[in-house]
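First comes the structure, then the notes that go with it.
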Amino acid sequence: MSRIVRTAADIIYPFVLIFGLYIVAHGHLTPGGGFQGGAVIATGAALVIVAYSYTEVRAWLSKNVLMGQEVIGLVGFIGVALLAFAFGQVFFFNYLNASGSLFGIPVPYGINAGELNTGGFVPLMNFSVGCEVWGGLTLVILYMLSGLEKEEC
Amino acid sequence: MKKFIVLIVSLIILSAFLGVIAMTLTFGAPKMTDMDDYFLRFGQEQTGTNNQCTSVTFDFRGFDTLGESTVLFCAVIGVALIFRKMQAGEEHEDE
Amino acid sequence: MTIADFIITNAPALLVAIPLFAAFTIPLVGRISTAARNLWVMGAMLAAAAVAFILAFTVFTSGTVIYVFGASAVNLAVPLDSGGIPIRIIFTVDAMSAFMDIICAISGVSVLLYSLSSESRNSSLEGYYALFLLMITGVFGMVSTGDFFNFFVFLEILSLASAGIIAYRIDGGLAVEAALKYFVLSTLGAIFILFAIGIFYGQYDALNIAMIAQRMQYTMLDKIALVLLVAALAMKCGAVPMHFWTPDAYSMAPSSATAFLVVASQASLYGLFRVLFTMYNVTMNCITIGWIIIILGVLSMVVGVTMAIPQKDVKRLMAYHAISQTGYMLLGVGVGLAVLGNVALTNAFGFTAMEGGIFHIFNHAMYKGLLFLTAGVIFYRIGTRDLNKMGGLGHNMKYTMIFFIIGALAIAGIPPFNGFASKLMIYESVYIFNPILAIIAMVVSILTLASFVKVFHSIFMGPKLPEYADVKEAPLPMLLGMGILAAIVILVGLFPQPVVDGFVAPAAHALANQSGYIFSVLGGA
Amino acid sequence: MLWNLPFITVVVLTFIGIITVLLKKNIIKILLGINILESAVNLFLVSLGYREGGVAPIFTLAPSNLMVLPTPQALTLTSIVIGVATSALVLSFAMVLKKKYGTVDIDKIRRLQG
């Protein structure tokens with residue numbers, strides 16, 4: 001792509017990243033969540049891949065790192081759920097809610113302004129899923145590009 | 001041509017079915033809402049999230065979401081397998 | 001709380017969590033070494049199988065087990081403040097589910113043992129084993145869940161993992177073509193199921209199977225949902241009008257995966273039975289629906305076996321026989337369904353027919369898995385599946401030949417093997433219901449025998465061919481995997497009565513007992 | 001009639017999707033048909049949960065306490081992600097087939113028969 005597109009992509013990419021992370025972090029308060037935020041971040045990666053060529057991008061984005069990121073996200077997700085066993089609870093029990101510790105401020109019923117430090121394990125799961133979707137979707141794009149012939153990319 | 005007729009007939013049957021859906025259900029007035037009323041009333045206290053969609057997705061039906069992440073993982077692994085470079089002595093499919 | 005108590009209490013969750021966790025971590029474990037990866041995969045599979053057996057033991061001794069994900073107590077299906085509705089995802093493991101869990105566990109262990117050796121020459125095995133464990137997760141989840149949307153999610157896990165594994169041999173494009181065919185059809189089926197879920201949700205505001213069953217009124221919309229569900233699930237299990245994908249997918253997948261794909265199809269069959277018996281039961285017109293299932297079954301039997309006879313590709317031939325055997329299960333359970341409203345007839349032969357059909361699921365998974373594994377050994381050693389190019393392999397592959405004979409006699413329904421036990425139950429009960437159907441079933445059985453005699457002759461008999469003069473016997477893990485299945489085929493064939501009384505009859509009664517299923521989830525509410 | 005417009009749209013979309021899947025020979029177009037069907041199902045689920053005058057089920061500074069049902073939105077989220085995974089896999093299959101056969105027309109690809 002032309003220099004204008006590349007520069008624009010360079011400038012926009014950090015904003016896309018921040019916006020995606022914002023969506024992930026506020027998933028339990030505002031519309032959004034891990035999937036949506038992760039998809040937004042992966043869109044940023046797609047933007048960079050479109051602006052530059054695959055051969056350049058391949059040097060920056062390692063498939064192994066992305067796969068590791070995806071696995072960490074998934075293991076984090078199931079690990080957060082499995083941790084309920086350590087508390088003597090049922091699988092997927094929300095042990096952090098109203099516990100007073102991390103993300104543990106109790107929320108009464110009704111309309112409120114929203115407090116970031118609530119939600120029990122939901123924000124942790126949002127982060128894990130965001131991590132997983134980010135890695136997974138980027139990996140899909142990279143693998144598909146690697147399947148293309150030389151002259152097509 | 002025969003295939004086309006079969007297709008048209010099946011489509012008519014299908015559209016009749018779906019037409020019944022469109023006629024029977026009313027938009028804007030769900031028939032029963034007891035389960036969702038429970039989510040809306042108690043979801044905030046039980047999960048600590050203001051966003052009830054998230055509370056349903058990650059807490060009440062969190063196991064579905066685990067499955068959904070797994071589906072994405074399946075797709076990534078599948079795509080990775082399809083675009084792998086095959087080794088030399090690998091088993092070939094029979095032609 | 002001791003570890004034993006912990007496992008017994010949380011068995012339904014561990015059943016899915018163990019293979020899932022192992023599958024997620026394989027890409028990392030695979031980087032350490034091949035041996036570590038094999039150990040990890042096999043250990044996870046054995047642990048999951050052990051949990052499945054523990055769970056099945058609990059179910060068969062003390063009744064239905066329910067597990068509520070994320071509740072404050074394991075069996076708190078209906079929260080006190082909810083007014084009698086289940087709100088969370090619930091695993092409802094009754095005798096039928098436990099029966100399917102056992103099938104999946106046995107088949108999974110033996111096939112995985114086999115694949116440790118049979119796939120060792122290939123690349124990217126981390127992905128292969130991850131997808132294999134995800135298939136096992138999918139089957140365990142599908143047969144254990146008591147939530148209909150959860151069933152859909154596991155169905156999708158199963159079909160994506162299966163599609164990835166069918167396309168595993170990418171060199172010629174044929175496997176990818178088969179995978180594409182399978183995947184497009186199963187996605188269409190999944191969309192139909194999602195439509196049905198939407199219909200149930202819109203009417204009853206429930207996703208739990210027991211809750212839907214309790215509120216079921218059999219309105220016009222429920223009829224539409226029934227049609228969509230029967231079409232989708234019959235397509236997924238390979239019944240005849242929608243069977244196109246079966247031979248392609250079965251013949252092109254790696255052999256070890258094919259043996260497990262049989263179990264995957266049975267899981268869809270389980271879903272069909274669950275929908276018909278637990279969700280609709282006598283609210284629908286059992287005679288009509290029962291006859292539809294019977295006709296599907298008879299068509300599958302006849303078309304499957306007639307298509308199988310002219311095949312040249314050994315796995316394709318076996319795939320058509322798999323369709324034909326699916327017909328027996330549909331026939332047996334369909335007869336049970338057709339007389340469901342009539343207590344006298346049900347007690348006279350309905351339960352026997354259902355037991356025969358359900359018993360055949362188990363037997364089919366065992367002997368068909370065994371046959372596909374033997375076909376895999378032959379392909380592993382000589383590199384072709386074409387029957388015309390084979391011959392005289394019996395001289396060098398004695399154990400494989402014995403295993404093939406066991407499988408072939410079992411599928412044909414010859415007395416000392418397990419296929420006979422279930423087929424006899426089907427013949428007897430169906431003959432009382434309608435003699436013509438029983439005669440068709442017997443004729444199909446004879447044709448199956450004829451077909452397998454031909455296959456046996458062209459693979460193993462005859463003089464030693466020069467190009468296969470130095471063919472060796474299969475490696476030990478492959479023989480072990482086949483040996484497990486063959487031992488089960490013989491044992492169940494010799495002593496069918498304890499199996500029928502201990503596992504099959506409770507499964508059939510659990511399937512027919514709708515109110516018991518609802519009561520176990522909702523309590524008295 | 002008109003107040004049921006979302007459901008009628010579902011029927012029309014299903015119609016288009018089924019026709020596309022059954023009649024088109026191009027794998028990419030078949031995938032588009034599947035995607036249209038998935039959109040139809042998603043629209044069906046979401047419109048089942050709509051309550052007259054309801055707002056999004058999010059309590060952060062919500063304008064009113066009358067909210068639409070949250071479950072269909074969660075189900076739709078799941079089904080969208082499954083749809084993405086499906087599309088990724090089918091597109092990869094199409095790419096491999098294009099590389100091996102030089103076409104994405106299923107009639108020309110078809111070698112498995114009988």
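Taken together, the values in this text are just the output of simple stated rules run on the coordinates, not laboratory data. Keep in mind that what you see is a predicted model, and the values were worked out from it rather than measured. Because the Cβ atoms are built from the backbone with ideal geometry, glycine has one as well, and the counts that use them run over all protein chains shown.
Suppose R0 equals 45 Å; then what is the FRET efficiency for C:L39 and A:A8 from their Cβ-Cβ distance, rounded to the nearest 0.05?
About 0.35, to the nearest 0.05.
Here C:K223 is the anchor, and the lysines within straight C-alpha reach of less than 21 Å, apart from those fewer than 8 places off in the same chain, are B:K31, C:K236. Take each residue in C:149-156, count the other chain C-beta atoms within 10 Å of its C-beta, and the mean is 6. Quick one: helix C:418-433 against the long Cα principal axis of chain C, what's the angle to the nearest 10°, folded into 0 to 90? Relative to chain C, helix C:418-433 is tipped by roughly 50 degrees. Classification of chain A by its C-alpha gyration tensor yields an oblate form. The axis ratio a/c (a ≥ b ≥ c) is 1.5 or more, and b/c is at least a/b.
Counting only the backbone N, which residues of region C:408-430 are under 14 Å from the spot 7 Å out from the Cα of C:A348 toward its beta-carbon? Counting only backbone N, you get C:429-430.
Geometric descriptor of region D:30-114, per residue, is 125 Å³ (volume of the convex hull of the Cα atoms).
Amide hydrogen proximity for D:I58: with H placed 1.01 Å from N in the peptide plane, the residues at 5 or more positions away or on another chain lying under 5 Å are B:Q52.
Counting Cβ atoms of other protein chains within 10 Å of each residue's Cβ and taking the mean over peptide C:123-132 gives 5. Going by Cα centres, region C:259-322 and region C:94-109 are how many Å apart? About 19 Å separates the Cα centre of region C:259-322 from the one of region C:94-109. Of B:L40, B:L72, B:L11, which has the largest mean-square fluctuation in a 10 Å C-alpha GNM of chain B? Residue with maximal mean-square fluctuation among B:L40, B:L72, B:L11: B:L11.
Here is what passes the span test in chain B: the DSSP H helices with alpha carbon length of 15 Å or more along the helix axis and a Kyte-Doolittle mean of -1.0 or above are B:2-24, B:62-82. If R0 is 56 Å, the Cβ-Cβ spacing of C:V453 and B:V20 corresponds to a FRET efficiency of close to 0.60.
Sequence gap at least 6, Cα distance under 8 Å: using those rules, report the relative contact order of region A:3-152 to the nearest whole percent. It comes to 30 percent, rounded to a whole number. The HN-Hα couplings worked out from phi for region C:222-228 by the Karplus form 6.51 cos²θ - 1.76 cosθ + 1.60 (θ = phi - 60°) are 5, 5, 4, 4, 4, 4, 4 Hz, whole numbers, x standing for Gly and Pro. Computed over the alpha carbons of chain C, Rg followed by Dmax gives 22.0, 77 Å. Helix D:71-101 and the long axis of chain D differ in direction by around 10°, with both axes built from C-alpha atoms. In this model, which of C:K312/D:K98; B:K85/C:K315; C:K312/C:K368; C:K312/C:K464; C:K368/D:K24 are farther than 24 Å apart at the alpha-carbon? Checking Cα-Cα distances, C:K312/D:K98; B:K85/C:K315; C:K368/D:K24 exceed 24 Å. With only the Cα atoms considered, the protein assembly as shown has a convex hull volume of 163 Å³ per residue.
Once you reduce region C:163-216 and region C:358-412 to the center of their Cα atoms, the two points are 31 Å from each other. Region C:441-486 and region A:49-95 have Cα centres separated by 45 Å.
Sort C:H509, C:H364 so that the residue with the fewest other Cβ atoms within 10 Å of its own Cβ comes first and the one with the most comes last.
Numbers: C:H509 16, C:H364 27.
In increasing order of surrounding Cβ atoms, one gets C:H509, C:H364.
Averaging the sequence gap over all C-alpha pairs within less than 8 Å and six or more residues apart, then dividing by the number of residues, gives chain C a relative contact order of 16 percent. Taking R0 as 45 Å, what's the FRET efficiency between D:L5 and C:I414 from their Cβ-Cβ distance, rounded to 0.05? After rounding, the FRET efficiency stands at 0.10. Spin-label model, B:E45 to B:M86: label points 7 Å out along the Cα-to-beta-carbon direction sit 6.2 nm apart. Seen against the Cα atoms of chain D and their longest principal axis, helix D:5-23 is set at about 10 degrees. Prolate is the label for region C:285-494, because the ratio a/c of its alpha-carbon gyration tensor axes (a ≥ b ≥ c) is 1.5 or higher and a/b is greater than b/c.
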